[in-house]
Amino acid sequence: MSGLSTIETILTAGVVVIFLWLAYLSYAFLKSTKQTRKLFTGAKGKNLELILDDYLSRVSATDSEILRVKKILERLDSQSKRSIQKIGFLRFNPFGDTGGDQSFAVAFLDLLGNGVVVSSLHGREGTRVYAKAVQDGKSEYSLTDEEQAAIKKAISS
């Protein structure tokens with residue numbers, strides 16, 4: 001027999017092809033493993049799982065903080081509706097025989113039109129100050145024209 005038979009040649013060629021294919025697959029697998037290891041090892045040597053756990057815990061803490069801030073904001077919004085937000089001021093002369101507009105009416109109202117109107121009447125004998133509660137832009141006490149004007153200015157401001 002001279003040399004290798006045809007079957008042996010084919011088998012040898014097949015083994016060489018399989019060996020080359022195995023070598024290529026090994027190279028591709030190692031390269032893929034290296035890339036995966038690089039992906040799962042993040043900044044400062046932490047792996048991706050630790051980084052994601054840290055991120056999720058920070059997101060959860062941020063959600064809690066947002067809820068806390070939202071409650072505070074709702075409380076402040078409710079309180080601000082009841083704080084003085086509208087002011088109407090009017091100077092006038094109630095008596096023709098005294099000089100100047102020394103008297104005044106000022107209304108201090110919240111967003112809902114509740115508050116107080118304060119008026120001061122200045123005359124020769126002295127100055128008198130009156131305060132009247134205001135509810136929804138009206139008072140249970142009789143209001144002078146000037147007090148009503150001050151309330152109207154406050155509501156429209």
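For this structure, a couple of remarks:
- Condition met for Leu73 (assigned by TED's automatic domain parsing to the domain that holds Gln148, at pLDDT 90 or above and out of contact with any His (no Cβ under 6 Å at 6 or more places or on another chain)): no
- Hey, Thr62 out of contact with any Leu (no Cβ under 8 Å at 6 or more places or on another chain), among the hydroxyl-bearing types (Ser, Thr, Tyr) and either at pLDDT below 85 or under 30 Å from Lys153 (Cα atoms) (or both) or not: no
- In the stretch 143-155, residue nearest to Asp101 (Cα to Cα) [restricted to those that are without any contact (Cβ under 8 Å) to a residue 60 or more places away in the chain and in a helix (DSSP H, G or I)]: Glu146
- Looking across the stretch 138-157, the residues that are farther than 14 Å from Ile87 by Cβ and either under 43 Å from the mean Cα position of the chain (by Cα) or not assigned by TED's automatic domain parsing to the domain that holds Leu90 (or both) come down to Lys138, Ser139, Glu140, Tyr141, Leu143, Glu146, Gln148.
- Some residue of the stretch 128-137 being exposed (fewer than 15 other Cβ atoms within 10 Å of the Cβ) and under 33 Å from the mean Cα position of the chain (by Cα): yes
- Filter result for Val69 (exposed (fewer than 14 other Cβ atoms within 10 Å of the Cβ) and either in contact with a Gly (Cβ under 8 Å, 6 or more places away or on another chain) or hydrophobic (A, V, I, L, M, F, W, C) (or both)): yes
- On the stretch given as the stretch 110-121, residues that are surrounded by fewer than 18 Cβ atoms within 10 Å (Cβ to Cβ) and either acidic (Asp, Glu) or closer than 16 Å to Glu146 by Cα (or both) total 4.
The values are calculated or read from the model by the stated rules, or taken from the named source; none is laboratory data. Given the structure is predicted, the values throughout are model-derived calculations rather than measurements. For neighbour counting, all protein chains shown are included, and Cβ atoms are generated from backbone atoms with ideal geometry for every residue, glycine included.
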